[in-house]
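The values are calculated or read from the model by the stated rules, or taken from the named source; none is laboratory data. Just so you know, these numbers come straight off a predicted model, no measurement behind them. As a convention, Cβ positions derive from the backbone with ideal geometry for all residues, glycine included, and neighbour counts pool all protein chains shown.
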Amino acid sequence: MPFVLENVVRPNILALKPYRCARNDYSEGILLDANENAYGPSLPSGDSANLNRYPDPAQHLVKTAVVALRGLRGVENLFLGVGSDEVIDLLIRIFCVPARDKVLITPPTYAMYSVSAQINDVEVVKVNLDVEDGKFQIKPGEINARLASDPNIKLVFLCSPGNPTGTVLSHASIRAVLESPSYTGIVVIDEAYIDFVSEDRDGSVATWVEQYPNLVVMQTLSKSFGLAGIRLGIAISHPSIIQLMNNIKAPYNISTPTSQIALRALSPLGHATMRAHLASILSERARLIAALKSFPVSGVWRIIGGNDANFVLIQIVDVSMGRPDNAKAERVYKRLAESEGVVMRFRGDEIGCEACLRVTVGREEDNNLLLERLEKVLSEKCDREVGARIFSHVPCQCHAKGVEGSSRLSDPSLVALLSAVPYLDLLCVEMVSLLKNRFVPQPYCPQNR
């Protein structure tokens, strides 16, 4: 079915007469049109950087640099937002009627698609990724079936490489959704991590916007360019979609400092610096993966996903049970953050990511400390879960108050109590007595030390 933009856009957005700001008309001369402070910014000293003036609403210079970087047709294919999150929000507001229209996502994926949809009172339809054996690929057949059965789905968000999966989507699968015979909405590909994809893998589809008028590709300067602090997101699409985004954005959404820093990063010298940093990250990623695959202590079961981003997804295992252990993974995560000063993300509550920790690839010294302290935590003699099992299942010479002859401690409330106590190196009956005043040790107990 052919794509007709006017059939997808909210009628009020099509009818909108966009705000026209002062800098849309003139940007040179004696500027007395925008009620700016002609005396300059209230800064003690140094370069004022023209901060008393409103920034360029079109950001033509930054867009020109991005066009050159990505090999695009022209600035008419680009929108700049306050991070990719602004792009996500604007797309939902342009195409989705609140309380009627829907977006489709493919969990596990970036949470802001759902958050922005909920803020805008838009329902979220979910078609999970194929998570078997850590594939983390979309299922085009299921997606297209949902699109065919529900004409109120106006946006499809696909993350490539995925977050938290770290896996780039195959071009064939993306194309299958774009060419869905019954879908007339928008397909959004989030390429925040695209620069970390190896050359032998399917890479960016940014240039596909010339072929598919319903395609929007999102990128950012936060990841490979290391500029998360300036909040600059990029949307690449057909000029008609870009125009709609410009129509509804805030008049001066990109600040002067942001655009100035972006221009420096997108210069030849800045690009060369990015490529050098990228090479270091890819090298460290490979080293980190190799170290985790041959970890000297038990507890790291495997690395899952495609490893196409600047992070790896590791799965924590309970060795005694021989399976991933979500509770243990969360404890390791908290232990590292609160006691060892190493912070990662617990992703065990995501589909297909049971017992997973997402670890950003740091500098060599950061990664060395990570490996050292992860080994330390996993080597600890007895964590709280093991302690709970001791008192739940291990026979001893103890008994509960008033229960003569008890051969094991199995009170569920005690087990819950022990599970709440972080990382007791050795659990003993005396400790429990102090905490709960429920169990009393006999003269001899193998747990008493």
When restricted to ALA309, ALA355, the only residue under 17 Å from ASN163 (Cα atoms), crowded, with 18+ Cβ neighbours inside 10 Å and in contact with an Asp or Glu (Cβ under 8 Å, 6 or more places away or on another chain) is ALA355
Is there a residue in region 297-309 that is aromatic (Phe, Trp, Tyr), in a strand (DSSP E or B) and out of contact with any helix residue (DSSP H, G or I) (no Cβ under 7 Å at 6 or more places or on another chain)? yes
I'd like the full set of residues that are within 13 Å of the chain's Cα centre (by Cα), part of a helix (DSSP H, G or I) and of a type in the set (S, T, N, Q), limited to region 104-129. SER114
Among the candidates GLU354, GLU365, GLU350, which residue alone is in a helix (DSSP H, G or I) and among the acidic types (Asp, Glu)? GLU365
Checked against (1) out of contact with any Phe, Trp or Tyr (no Cβ under 8 Å at 6 or more places or on another chain); (2) closer than 17 Å to ASN310 by Cα, GLU210 satisfies every condition except (2)
Taking region 312-333 and the residues there that are out of contact with any strand residue (DSSP E or B) (no Cβ under 8 Å at 6 or more places or on another chain) and either touching a residue at least 12 places away in the same chain (Cβ under 8 Å) or not hydrophobic (A, V, I, L, M, F, W, C) (or both), the one that is surrounded by the most Cβ atoms within 10 Å (Cβ to Cβ) would be ARG331
Kindly list, by first and then second residue, each pair from a residue in region 261-280 that is closer than 24 Å to SER198 by Cβ to a residue that is surrounded by 13 or more Cβ atoms within 10 Å (Cβ to Cβ) and of a type in the set (Ser, Thr, Tyr), limited to pairs with Cβ atoms under 7 Å and residues at least 6 apart or on different chains. MET274/SER224; LEU278/SER224
Meets criteria (surrounded by 19 or more Cβ atoms within 10 Å (Cβ to Cβ), in contact with a Phe, Trp or Tyr (Cβ under 7 Å, 6 or more places away or on another chain), assigned to a helix (DSSP H, G or I) and of a type in the set (A, V, I, L, M)) for LEU147: yes
Taking ILE248 as the residue in question, decide whether it is among the β-branched types (Val, Ile, Thr) and buried (at least 19 other Cβ atoms within 10 Å of the Cβ). no
Is there a residue being part of a helix (DSSP H, G or I), under 32 Å from the mean Cα position of the chain (by Cα) and under 30 Å from VAL187 (Cα atoms) anywhere in region 42-59? no
Assess whether ASP150 counts as being over 18 Å from the mean Cα position of the chain (by Cα) and at pLDDT below 95. no
Neighbours by Cβ (under 7 Å, 6+ apart or cross-chain): first from region 363-382, at positive phi; second part of a helix (DSSP H, G or I): none
